[in-house]
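The values are calculated or read from the model by the stated rules, or taken from the named source; none is laboratory data. What you are looking at is a predicted structure, and each value in this text was computed from that prediction instead of being measured. For neighbour counting, all protein chains shown are included, and Cβ atoms are generated from backbone atoms with ideal geometry for every residue, glycine included.
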Amino acid sequence: MRKVTIKKSVWLPTLITLYFIGMAWYFGREMIATGQRTRFFVIAGIEIIIIIALTIFLRKREKIK
């Protein structure tokens, strides 16, 4: 029987994305309601860029190994 392993380049960005969605849902509604839309979208954009960069970095690191 073959052991199934999930690569770190998959599970770590997925976990961080789920955390981001939860925090955006919890805090984002309040920020948008109080008129801080720009702040919310800037924070969300930066978070998405960080998740994408992490995914790319981890995939390149796995290719080297």
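Points worth noting:
- Any hit, region 33-51, residues being in contact with a Lys or Arg (Cβ under 9 Å, 6 or more places away or on another chain), part of a helix (DSSP H, G or I) and surrounded by 12 or more Cβ atoms within 10 Å (Cβ to Cβ): no
- For region 3-46, filtered to residues that are within 22 Å of residue 63 (Cβ to Cβ) and among the basic types (Lys, Arg), the residue that is modelled with the lowest pLDDT is 3.
- Given (1) assigned to a loop (DSSP other than H, G, I, E, B); (2) surrounded by 13 or more Cβ atoms within 10 Å (Cβ to Cβ), number of the condition residue 59 does not satisfy: (1)
- Count of region 1-56 residues, restricted to those that are without any contact (Cβ under 8 Å) to a residue 24 or more places away in the chain and charged (D, E, K, R), is 6.
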